[in-house]
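The values are calculated or read from the model by the stated rules, or taken from the named source; none is laboratory data. In this text, all values refer to a predicted model and were calculated from it rather than measured experimentally. Glycine gets a Cβ as well: all are built from the backbone with ideal geometry, and neighbour counts include every protein chain shown. These accessible areas exclude ligands, DNA and RNA; they are computed on the full protein's heavy atoms, side chains included. Shrake-Rupley method; radii C 1.70, N 1.55, O 1.52, S 1.80 Å.
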Amino acid sequence: MFQIDSFRVKRSKGAGFEELPVPSRYDRLAGRLQAGPAYNVAQMYAQIYDDLTTGGRRAPDFRTALETHESLDRFRAAAAKAARQTV
C-alpha cells in the first residue's frame, strides 16, 4: 500500500540494511508536496497523465493489479504449505 506511506528502497549491507536514494528523475513533484499519501497519489496521477499524453504504458493498470494479486495468492499458498510442512 505505497499510497499510504513513503517508499524506501534498501539493500543488504553487512548484517543490516542501507537505504538507497531514489533518483531524482522518479520524483515528478520535487518540492511541491511532502512525502505521504497525497504525494504518492499525485505521483501516480502524473504517471497516468504522461501515459495519456505520450502514448506510453508505464503507469500500473488493471493487468498490473491482477498480476500483483495473483503473485500475492501464490506467496500465501506457498507460506501456508511451508507452515503445514514444519508442523
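Are there any pairs with C-beta distances below 9 angstrom linking a residue in the stretch 48-72 that is among the charged types (D, E, K, R) to a residue that is open to solvent by less than 60 Å² (accessible area, probe 1.4 Å) and in a loop (DSSP other than H, G, I, E, B), with the two at least 6 apart or on different chains, and if so which?
Asp50/Gly56; Asp50/Ala59; Asp51/Ala59
Restricting to the stretch 37-86, name every residue that is modelled with pLDDT of 90 or more and hydrophobic (A, V, I, L, M, F, W, C).
If the condition is that a residue be modelled with pLDDT of 90 or more and hydrophobic (A, V, I, L, M, F, W, C), then Ile48, Leu52, Phe62, Ala65, Leu66, Leu72, Phe75, Ala77, Ala78, Ala79, Ala80 are the ones that fit.
Of the conditions (1) open to solvent by less than 50 Å² (accessible area, probe 1.4 Å); (2) out of contact with any Phe, Trp or Tyr (no Cβ under 9 Å at 6 or more places or on another chain); (3) in a helix (DSSP H, G or I), Asn40 fails just one. Which one is it?
(2)
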